[in-house]
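Here's the structure, in structure tokens; my notes come after.
The values are calculated or read from the model by the stated rules, or taken from the named source; none is laboratory data. Bear in mind that the values here come from a model prediction, so they are computed numbers and not experimental data. Quick reminder, even Gly has a Cβ in these numbers, built from the backbone with ideal geometry, and neighbours come from all protein chains shown. Surface areas here come from the heavy atoms of the whole protein model, side chains and all, with no ligands, DNA or RNA. Shrake-Rupley method; radii C 1.70, N 1.55, O 1.52, S 1.80 Å.
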Amino acid sequence: MASGVVPQVTGVFGTCGGGLAMIPALTDFTFMEEKNAKLFVNSPNALDENEISKCDTSAASFQSAEAGIVDVVADEATIFAQIRELVAMLPSNNEDDDSLIECTDDINRVCAELENCAGDTSIALSQLADNGVFFETKADYAKEMVTGFIKLNGVTVGAVANRTVAYDEEGNKVEELEAVLTAKGCDKAAEFVQFCDAFSIPLLTLTNVNGFCNCQCAEKKLAKALATYTYALSSATCPKVNLITGQAYGSAYAIMNSKSLGADLVYAWADAKVGMMESSMAAKIMYPNGNAEEINEKAAEYATLQSSVTSAARRGYVDTIIEAEDTRKYVIGAFEMLFTKREDRPSKKHGTV
């Protein structure tokens, strides 16, 4: 009964096993102590052909990175601090938003380094945010999809973003990721979008995607995960703003909060690419017998006519083309304009996706 009425948070500091493991999954956010906490339905030694030294399925590392149940893994003191930080960002219930605070950052601040960190959108979002604060949720799970909360002009905004590279705290590149949608990433994003919509938290998406994960394992769950994410975004009545930072190709882009899916405003950086597919691939399909020179020529023509951000703007897919360094003031202006947004939807008991 409290779900969607008040935010619910679970902290796991000891053993949480059997049926009790449902509690973290039923609540909105879960924090887990990194060394002593255990979370499991079946204990590791009870699993066929497994014992705890092979794979500790009850460990915080497994539940955060593999199961995707845990949002934050840390020591006890850090967990308490992180819970306070998260709660301070969230409305206390679904009717009264008491999370608004006075902004002490310049709302017109130029983000000179934003374009340089566009690959790791967890860093990019911290650059956009008031005072550089970004609270990432499920950071260890489906790293190609970033979710979390930022403040923009004192207003809490939920963020969903594609990520193609991950850096550590020292700025070293630790992982390169494909610009694709995955089943895990879509499930992670869908759950986050549903939470934001329940509490009328505005939603910002950063799009850089060129297709879907292409492997046999992904094919088992991908279609359903894509449908769930599509349904979550299209059903959300909170303010929705999309920023295209890189590639935005085909159905994958349509799913990432495009105009077609109900985005209120879509911005794009000047060098973004928006279209059905990458230009060289399109040229090869249209001119199967062409030589290399002809393919390159036709690819350049296709890029200009079909995949350029200017072409997308002419077609109404993009509202405004902006410079990367000016992004902060544009998205703040967008959410201020959408502050009073209201939508009427058909009366029904609930959806079935």
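Residues in the stretch 1-41 that are more than 29 Å from Asp96 (Cα to Cα) and open to solvent by 40 Å² or more (accessible area, probe 1.4 Å): Phe13, Thr15, Gly19, Leu20, Glu34, Lys35, Asn36, Lys38, Phe40, Val41. The condition of being over 27 Å from the mean Cα position of the chain (by Cα), of a type in the set (Ser, Thr, Tyr) and within 27 Å of Glu191 (Cα to Cα) holds for only one of Ser347, Ser235, Ser251, that being Ser347.
For the structure I just gave you, tell me whether Thr10 is without any contact (Cβ under 8 Å) to a residue 24 or more places away in the chain and among the hydroxyl-bearing types (Ser, Thr, Tyr).
So Thr10 passes the test.
Has the stretch 263-277 got any residue that is aliphatic (A, V, I, L, M), at pLDDT 90 or above and assigned to a helix (DSSP H, G or I)? Looking for residues that are aliphatic (A, V, I, L, M), at pLDDT 90 or above and assigned to a helix (DSSP H, G or I), one finds none in the stretch 263-277, hence no.
Quick check on this structure: which one of Ser64, Ser58, Ser53, Ser43 is under 26 Å from Leu203 (Cβ atoms) and of a type outside the set (Lys, Arg)?
Step by step, each of Ser64, Ser58, Ser53, Ser43 is checked, and only Ser64 is under 26 Å from Leu203 (Cβ atoms) and of a type outside the set (Lys, Arg).
Within the stretch 199-219, residues that are closer than 26 Å to Lys240 by Cβ and among the aromatic types (Phe, Trp, Tyr) sit with their Cβ atoms under 8 Å from residues that are at pLDDT below 95 and not in a loop (DSSP other than H, G, I, E, B), at 6+ positions apart or across chains, in these pairs: Phe212/Ala218; Phe212/Ser251; Phe212/Ala252.
So is Val241 at pLDDT 95 or above, under 24 Å from Lys329 (Cα atoms) and not in a loop (DSSP other than H, G, I, E, B) or not? Before the answer, list the steps.
Details: at pLDDT 95 or above: yes; under 24 Å from Lys329 (Cα atoms): yes; not in a loop (DSSP other than H, G, I, E, B): yes.
When the stated conditions are applied, Val241 passes them.
Residues in the stretch 193-221 that are in a helix (DSSP H, G or I) and open to solvent by 10 Å² or more (accessible area, probe 1.4 Å): Gln194, Phe195, Asp197, Ala198, Gln216, Cys217, Ala218, Glu219.
Among the residues of the stretch 100-120, those identified as within 21 Å of the chain's Cα centre (by Cα) and of a type outside the set (Asp, Glu) are Cys111, Leu114, Asn116, Cys117, Ala118, Gly119.
Return the total of residues in the stretch 222-238 being assigned to a loop (DSSP other than H, G, I, E, B) and either open to solvent by less than 40 Å² (accessible area, probe 1.4 Å) or touching a Cys at 6+ places or on another chain (Cβ under 6 Å) (or both).
Here is the first cut: in the stretch 222-238, the residues assigned to a loop (DSSP other than H, G, I, E, B) are 236-238.
Remaining after also requiring either open to solvent by less than 40 Å² (accessible area, probe 1.4 Å) or touching a Cys at 6+ places or on another chain (Cβ under 6 Å) (or both): 236, 238.
Matching residues across the stretch 222-238 total 2.
Ala334 - would you say it is closer than 25 Å to Ala190 by Cα, surrounded by 13 or more Cβ atoms within 10 Å (Cβ to Cβ) and touching a residue at least 24 places away in the same chain (Cβ under 8 Å)? The answer is yes for Ala334. For Ala81, only one of the following conditions fails: (1) open to solvent by less than 60 Å² (accessible area, probe 1.4 Å); (2) at pLDDT below 95; (3) in a helix (DSSP H, G or I). What is its number? It is condition (2) that Ala81 fails. No other residue among Lys184, Lys138 is under 27 Å from Val5 (Cβ atoms), among the basic types (Lys, Arg) and open to solvent by 10 Å² or more (accessible area, probe 1.4 Å) apart from Lys138. Here Lys224 does not qualify as charged (D, E, K, R) and either closer than 19 Å to Phe149 by Cα or touching a Leu at 6+ places or on another chain (Cβ under 7 Å) (or both).
Can you find a residue in the stretch 71-78 that is open to solvent by 30 Å² or more (accessible area, probe 1.4 Å) and among the charged types (D, E, K, R)? Please lay out each step first, then the result.
Just the residues of the stretch 71-78 that are open to solvent by 30 Å² or more (accessible area, probe 1.4 Å), to begin with: 73, 75-78.
Applying the additional criterion that residues be among the charged types (D, E, K, R) yields 75-76.
Within the stretch 71-78, one or more residues are open to solvent by 30 Å² or more (accessible area, probe 1.4 Å) and among the charged types (D, E, K, R).
Residue under question is Asp105, and the condition is that it be of a type in the set (D, E, K, R), within 30 Å of Ala324 (Cβ to Cβ) and touching a residue at least 60 places away in the same chain (Cβ under 8 Å); does it hold? So Asp105 does not fit the description; no. Taken over the stretch 61-104, residues that are at positive phi and charged (D, E, K, R) amount to 0.
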